[in-house]
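The values are calculated or read from the model by the stated rules, or taken from the named source; none is laboratory data. Everything numeric here is computed off the predicted structure, so don't read it as measured data. Neighbour counts run over all protein chains shown; Cβ positions are idealised from the backbone, glycine included. What goes into the accessible areas is simple: the full protein's heavy atoms, side chains included, and nothing from ligands, DNA or RNA. Shrake-Rupley method; radii C 1.70, N 1.55, O 1.52, S 1.80 Å.
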Amino acid sequence: MKKSRRNIRRAEKSPKVHTLQPQTRKPRPGTGEMVQLTVRGVERGQLRMAADDGAIYLCGRQDSRGVLDGDRVEAERVGREHVRVMRVIEHAHAVIVGVLRIRPSGTVIEPLERHLPSEIAASCQTGVSAKDGDIVRAEVERWQDQGGMLVRVSDVIGSFTQATAALDGLIVSSHLRAAFDARVLAEAEALPDARLEDDSQREDLRGLLTFTIDGRDAKDFDDAVSLEPLSGGGLRLGVHIADVGHYVREGTALDREAFLRGTSVYFPGRVLPMLPERLSNGVCSLRPDEDKFTLSAMMDMTREGEVVSARVARTITRSKARLVYDDVNSLFDGDEEQSRSMAEKHALIPGTLQAMRDLSHAIRARREAKGAIDFAANEPEFVLDETGEPAEIMRRERGDAERMIEDFMLTANEAVARFARERRIPLLYRVHEKPDPEKLAVFKAFLDGIGVDSRGLTGEARPADIRAILESTRERPEYTVISALALRSMQKARYDAQPLGHYGLAMPDYCHFTSPIRRYPDLVVSRALTAGLTGGQPALAGDRLADAAIRSSDCERAAIEAERAADRIMTARLMASHVGEEFDGVVSGMSEYGLYVLLQNGAEGFLHVRSLNDWFEFDARRMTLRGERTGARFSLGQALHVRVENVELTSSSVELGLVEELSQVGRSERKRERERMRGFRR
């Protein structure tokens, strides 16, 4: 089933690809100018290195001194965009996690991290009994420029035959924090349940009809919602958030641990929570029929979805029911049995949910009218068997219930950010800046190539301009790719101490307030609001708040990368049982080396140009590959019929082969018919 990763890497350097990008000039003699850079992957066969100011440089392998992805280096400029490494300032990989392979020629590990060499020479510490195929933790003893890289195995994580062990290895290689130490757990266990007499200044909302709506397997309930009719025809929407800041005080062991984690991390079948279970699933979780300390955003609204006024209050609430998305969607679809079941929990729940859905539609219509872009994708969801192995990939569709809660949370986040800014409360804002001009130009070129009017995509493009393109192409077969490219043209959302606005949501004020059990920035916001409401001093301000923004953004990026890596691990393990099978798919991405193809079952694989009997030109702006001899043309969104040729579990790669005839790929029906008729004339 497996091929040598070395052969795969060698094939990636095959000269079977031409590129229409400008050719890189040969490096000139050194200029003497030194720059500090961080290695950030590979571009055009060379190492890509980023400076602190965002400038990008390239370094040939022969000038790299064997540096690895993530290393911090000092380099000498040898041209406008080229450098050569002089020394490594900081190595990013003192510890490497990989699969041990014992061969006649020697012992090696195959790193789980994709950007590292495919094999590294290894030895074992005394007392460590590691077998071929074990996932191991190894410490670097010698670097590449010191005579060849060598690592020493220090610990066995588990067998690579088990998905659970593969995820354990990912946790270690991603430097994620798994277990809580004894002091943190002791602090959590000592926390009492909410009692109003312990904080008598809170507003008592326990008589209000509030309830939670979450996934069926959820246990950490951050938020509850309520809706009340107002005299004059308006509505009061309440979003009630667990007051985690009441329990997790600044400077405690709990707070330091939450700061280091930054966010909960979600893998298939498991979660690495930001807070211990005593808090996340117990004291803070808004479980039904339990008194809970909360922060409530109360928004008076018109039935057309406009917020007329808003206030934030320290409250105590009591959820009347724990509802599930699927059940609420069934109610919305007219399921009478669900309606009766919810009415048994509280007679007003079914009617309140219907009124909430109407308000949600109005809120969304107003947001869309302002140009907000909906990039929400259907994330892969893995069905696991009893051993934790993936049995199926599902793409969960968002129903009205999921969209409704999303609309309410967005409304609350915006209202809280405005509330804090107007009162000059120091806050961590969620900011999203204008699109990157170069990436936007690539997106525009692709749209032009497939006949989509992109005149509005200038450097000053508004969110409404991008939204209009997404709306106009929603029924096209390339829509999934169009949406993905639009998202890639955006800047990454991040946290900042300044209210810089959120481009994608078309909101001048926005923060993360609604998930303090799972995200540290939300905890910072809840503390800041409490200080503002009680007349206290904010826990974080100035440079400390700015540092928290940077740390929170870094933790979020690390969590996203780890979650995607976990999805790749599970996808590869699932597809290993489908080698030789054929699938329909669409081209979801490409490079000069080949095509990424999203298969009908939700998995993604790679179709390498080495498997195609032709020379291909890669147009990086229009994102196309064209064969010189056959005229075959590959483009984003194109439908293909492929076969799973090989699965490499260590690198989590799925290799595909083209089933259909190459000469017919990308040809229009008219061209195919013309060629068919020529055959008859012969």
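Annotation for residue 150 and residue 176: the two label points, set 7 Å from Cα along the Cα-Cβ direction, are 3.4 nm apart. Of the GluC sites (Glu not before Pro) found in region 566-625, the ones in coil according to DSSP and having at most 13 other Cβ atoms within 10 Å of their Cβ are 581. Applying 1/(1 + (r/R0)^6) with R0 = 30 Å to the Cβ-Cβ distance of residue 114 and residue 249 gives a FRET efficiency near 0.15. Heavy-atom accessible area for residue 588, with the other protein chains in place and a 1.4 Å probe, reaches approximately 20 Å². For region 48-156, run through the trypsin sites (Lys or Arg not before Pro) and keep only the ones in DSSP coil with at most 12 other Cβ atoms within 10 Å of their Cβ. Those that pass, being in a loop and sparsely packed, are 80, 131.
The long axis of helix 520-534 is offset from the longest Cα principal axis of the chain by roughly 30 degrees. In a DSSP loop and with at most 16 other Cβ atoms within 10 Å, the GluC sites (Glu not before Pro) in region 467-549 are 475. Evaluated on the chain, the Kirkwood hydrodynamic radius is 28.0 Å, with distances taken between all distinct Cα atoms. Take the Kirkwood radius over Cα pairs of region 35-127, plug it into Stokes-Einstein at 37 °C and 0.692 mPa s, and you get 228 µm²/s for translational diffusion. Taken one residue at a time, the phi angles of region 228-242 give Karplus couplings (6.51, -1.76, 1.60, θ = phi - 60°) of 10, x, 10, 5, x, x, x, 9, 10, 8, x, 10, 10, 10, 3 Hz. Gly and Pro are set to x. Taking every protein chain into account, the 1.4 Å probe leaves residue 383 with about 50 Å² of accessible area, to the nearest ten. Taking Cα atoms only, the orientation of helix 336-345 departs from the longest principal axis of the chain by about 50 degrees. With all protein chains in place and a 1.4 Å probe, the accessible surface of the chain carries 47 percent carbon and sulfur.
On full extension, the segment bounded by residue 291 and residue 206 gains 29.9 nm, given 0.36 nm per residue less the C-alpha separation. Simple spin-label estimate for residue 479 and residue 391 gives 3.2 nm between the two label positions (7 Å along the Cα-to-Cβ direction from each Cα). The residues of region 488-562 expose, per residue, 40 Å² of accessible area to a 1.4 Å probe. Between residue 61 and residue 611, the contour length at 0.36 nm per residue exceeds the alpha carbon distance by 195.4 nm. Using R0 = 30 Å, the C-beta based FRET efficiency linking residue 40 and residue 164 works out to 0.45.
If R0 equals 30 Å, the separation of the Cβ atoms of residue 361 and residue 217 corresponds to a calculated FRET efficiency of about 0.65.
Potential lengthening of the chain between residue 452 and residue 629 amounts to 60.9 nm, from the contour at 0.36 nm per residue minus the alpha-carbon distance. Ligands, DNA and RNA aside, residue 361 has an accessible area near 80 Å² when probed at 1.4 Å.
Taking the Cβ of residue 406 as the centre, find all other residues whose Cβ is under 12 Å away and add up their charges (Lys, Arg: +1; Asp, Glu: -1). My count for the surroundings of residue 406 gives -1. For region 55-113, the per residue solvent-accessible surface stands at 42 Å², with DNA, RNA and ligands left out and a 1.4 Å probe. Among 210, 252, 458, the order of accessible area from largest down is 458, 252, 210, computed with a 1.4 Å probe on protein heavy atoms. Using a cut-off of under 18 Å, list every residue of region 209-226 whose amide N is near the label point 7 Å from the Cα of residue 196 along the Cα-to-beta-carbon line. 209-211, by backbone N distance to the label point.
Values of log10 I(q)/I(0) for region 370-448 across q = 0.11, 0.18, 0.23 Å⁻¹ run -0.61, -1.00, -1.10, by the Debye formula with one identical scatterer at each alpha carbon and no solvent. Between helix 163-173 and the chain there is an angle of about 90 degrees, using the helix long axis and the longest principal axis of the Cα atoms.
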